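Here is the structure we will look at, set down as C-alpha cells.
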Amino acid sequence: MSTTPSRIVEEAGNGKVEIFPLSVAPDFLFELCRFLFEEHWHEIVFGSCVQGAVFEIAVDAAPKKVSLFDGYLTVDFGRWHFHLCIGENKGSPRNPTPADLAARRRTARAEMYRNLSADGVPRSWGLRFFNGAGEQQMTVFLPNPLLTPAMKPSRPPNFDRLALWDELRRRCLGLAPDPLDRTARGFPCGG
C-alpha cells in the first residue's frame, strides 16, 4: 500500500495541519479501509468532521462485511452500515450515473494528517477522504496518546497509542515513525 510520500502544511485555527497525500486508486483505498475496519475497528473513531458538526462513531464489534460494489465501499456492522464512493460509480443499465455526478461522488483526495499546535507540537492524528467537489466524505480519528481509549486526558501521554499511526506511515507512505509525534503534550482539543 505504499505511495510516494509528500507533505503539505496548512494553517488551521490555532495551529496547523500537516497533510500526507495518499493514492485515490480504488484498490489502494479499499485495502486501506479494509485494514482499518477489519483489523483496527476497536481502536478507531470515524465519521464526518465539518465546520459545525463532528460525528465520532466508535463501534463495539468488527464489521460483518467490508465489500466494494459499483464503486462504493460498504462497511456493514449488521444493524447499520455506511457507504463511501471510492471507485467508478456506473449505476445500473436502466439508470446509469451521469459522468459529472460519478466524478463528484468519488473520492478525489485522501490523506493522512496530524494537527499541530501553534508551536508545532502534534495534537491529533487521522485520515480524511474528500469527494470530487472537495466535500469531506469521512474522517478516521486514530488513537491519540493524549487521550485514553475512554477519551479522557492521558497523563502522562501514552505513546503506545501511536502504533496504528506509525503502521500507516510505514504501509502507506514508506516512512518510519517520526520522533516529533512523541513530543505531544497537553489536551488535544484545547489551546
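So what is the calculated 222 nm ellipticity per residue for the chain, using -39500 (n - 2.57) for each DSSP H run with n of 4 or more, over all residues, to the nearest 500 deg cm²/dmol? Each step should come with its number before you reach the end.
Numbers: 3 runs with 22 residues, N = 191.
Taken over the chain, the calculation gives -3000 deg cm²/dmol.
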(request) Compute the FRET efficiency between ARG79 and LEU175 as 1/(1 + (r/R0)^6), taking r as their Cβ-Cβ distance and R0 = 35 Å, and round to the nearest 0.05. (result) 0.40
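To the nearest 20 debye, what is the magnitude of the charge dipole of the stretch 43-191 about its Cα centre, counting +1 on the Cβ of each Lys and Arg and -1 on the Cβ of each Asp and Glu? Before the final figure, lay out the partial values.
On the way: 20 positive and 15 negative charges, 21 e Å.
So the magnitude is around 100 debye.
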(message) What FRET efficiency comes out for LEU101 versus VAL9 if R0 is 35 angstrom and r is the Cβ-Cβ distance? Round to the nearest 0.05.
(response) 0.60
(request) Using amide H atoms built 1.01 Å from N in the peptide plane, name the residues 5+ places from GLY186, or on other chains, whose amide H lies under 5 Å from its own. (result) none
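Coordinate-derived values only; no laboratory data. Because the structure is a prediction, the values reported are computed rather than measured. With ideal geometry, Cβ positions are generated from the backbone for all residues, glycine too; neighbour counts draw on all protein chains shown.
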